[in-house]
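The values are calculated or read from the model by the stated rules, or taken from the named source; none is laboratory data. Owing to the predicted nature of the structure, the values given are computational and were not obtained by experimental measurement. Glycine gets a Cβ as well: all are built from the backbone with ideal geometry, and neighbour counts include every protein chain shown. Ligands, DNA and RNA are excluded from the accessible area calculation, which covers all protein heavy atoms including side chains. Shrake-Rupley method; radii C 1.70, N 1.55, O 1.52, S 1.80 Å.
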Amino acid sequence: MSPESPAEPTKPTEPTEPTEAIGPDSPTEASAPTVASAPTEADAPAEPTDPTEADGPAGPDAPTEPEVPAEPDAPVEPQPAVRLEGAGLRGGRGWVFRDVSFTAHTGTITTLTGPSGSGRSTALLACAGRLDLTTGSAVVHPPRRRVRDHVNVARIAGVIGLDPQLSVADNVNDAADWARLRRTQARDLLATWRSRLDLQLPSRLPAGELAADELTLLHLLCATLGNPRAIVLDDFDANLTIPQIARLWKLTARVAAGRVSAPSAVIVSTVAALPPAGERVIHLGDANGAAA
């Protein structure tokens with residue numbers, strides 16, 4: 001072969017499959033794929049010892065994890081949260097309730113009281129935007145498009161509530177999922193509730209085995225997740241002794257005032273128990289849903 005003859009071209013090699021990019025500092029030159037080795041015991045994730053340690057999904061759509069708020073040093077000025085104006089609901093057997101008007105303010109407790117059949121539970125659902133009124137309106141302040149997005153339901157007898165078969169921790173985890181919080185936040189919340197409100201709330205105890213007042217309070221605390229403008233709680237005084245009711249009023253006032261979350265309006269229903277002096281009471285069953 002003469003010097004001027006062109007060199008014989010080399011046979012092109014078959015391209016290898018590109019490896020998955022690891023990050024901005026990964027090499028740009030493609031290399032032959034390697035077979036991933038089986039994970040060792042050290043690489044396997046450890047199972048949490050406490051149900052509240054299980055975390056939620058990661059990624060850009062992962063739930064947020066706000067910090068547990070510091071306990072306020074001074075009372076927060078009450079602000080309007082939910083307003084019922086001339087509210088009434090008529091069913092197949094007549095009026096469930098009618099002409100009910102009141103405004104619930106953040107940092108306060110509003111109590112709906114009356115005998116069985118007076119519409120207490122249904123009025124709470126109206127406050128939460130969970131049903132359509134026959135007359136009047138329910139609005140949240142500042143004005144929002146949907147009331148239900150800003151009012152949480154803690155418990156409605158026989159309809160909405162915690163699972164008594166699940167542990168305390170699992171019920172808090174479920175509430176965290178609904179509020180789009182990470183489950184690690186649930187563990188911090190439990191610790192905060194115990195310390196600030198002097199509660200037991202054993203993580204692994206089935207919720208149905210809690211003392212009646214702590215079970216009611218757990219319903220309320222789970223409803224604080226997401227920092228709603230208002231929370232509704234049915235059957236506040238159900239199955240409670242007089243000392244338990246007195247304790248529950250005090251702890252509910254602390255929750256409303258923002259001791260464990262943002263201040264919110266708490267609207268409860270009772271059969272007979274009345275709140276401490278200074279809190280608003282709505283007597284259902286009266287001709288005009290009179291407020292006291």
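Assorted remarks:
- Residue under evaluation residue 124, criteria (1) open to solvent by 20 Å² or more (accessible area, probe 1.4 Å); (2) within 25 Å of residue 250 (Cβ to Cβ), criterion not met: (1)
- Residues satisfying the stated conditions in region 105-120, i.e. among the polar types (S, T, N, Q) and either open to solvent by 40 Å² or more (accessible area, probe 1.4 Å) or part of a loop (DSSP other than H, G, I, E, B) (or both): 106, 108, 116, 118
- Qualifying residues in region 235-256 (those that are among the small types (Gly, Ala, Ser) and modelled with pLDDT of 95 or more) - the one surrounded by the fewest Cβ atoms within 10 Å (Cβ to Cβ): 246
- Residue match in region 188-210 (condition: touching a residue at least 60 places away in the same chain (Cβ under 8 Å), charged (D, E, K, R) and in contact with a Ser or Thr (Cβ under 9 Å, 6 or more places away or on another chain)): yes
- Hits in region 158-187 - residues which are assigned to a loop (DSSP other than H, G, I, E, B) and of a type in the set (D, E, K, R): 163, 180, 182
- Selection of first residues in region 123-134 that are under 14 Å from residue 85 (Cα atoms) and touching a residue at least 40 places away in the same chain (Cβ under 8 Å) and of second residues that are surrounded by 24 or more Cβ atoms within 10 Å (Cβ to Cβ) and among the hydroxyl-bearing types (Ser, Thr, Tyr), restricted to Cβ pairs under 8 Å at least 6 apart or on distinct chains, gives the following pairs, ordered by first then second residue: 123/269; 124/269.
- Only residues that are small (Gly, Ala, Ser) and within 19 Å of the chain's Cα centre (by Cα) were counted across region 124-150, and they come to 3.
- Of all residues in region 171-188, those satisfying the criterion of being out of contact with any Gly (no Cβ under 8 Å at 6 or more places or on another chain), within 17 Å of residue 155 (Cβ to Cβ) and open to solvent by less than 50 Å² (accessible area, probe 1.4 Å) are 171, 172, 175.
- Scan of region 164-188 for residues that are among the polar types (S, T, N, Q), within 26 Å of residue 151 (Cβ to Cβ) and touching a Leu at 6+ places or on another chain (Cβ under 7 Å), ordered by number: 171
- Only residues that are surrounded by fewer than 24 Cβ atoms within 10 Å (Cβ to Cβ) and in contact with a strand residue (DSSP E or B) (Cβ under 8 Å, 6 or more places away or on another chain) were counted across region 127-157, and they come to 15.
- Among the residues here, residue 281 qualifies as open to solvent by less than 80 Å² (accessible area, probe 1.4 Å), in contact with a Leu (Cβ under 9 Å, 6 or more places away or on another chain) and over 19 Å from residue 219 (Cβ atoms).
- Positions within region 189-234 being under 30 Å from residue 144 (Cα atoms), open to solvent by less than 10 Å² (accessible area, probe 1.4 Å) and part of a loop (DSSP other than H, G, I, E, B), in sequence order: 224, 234
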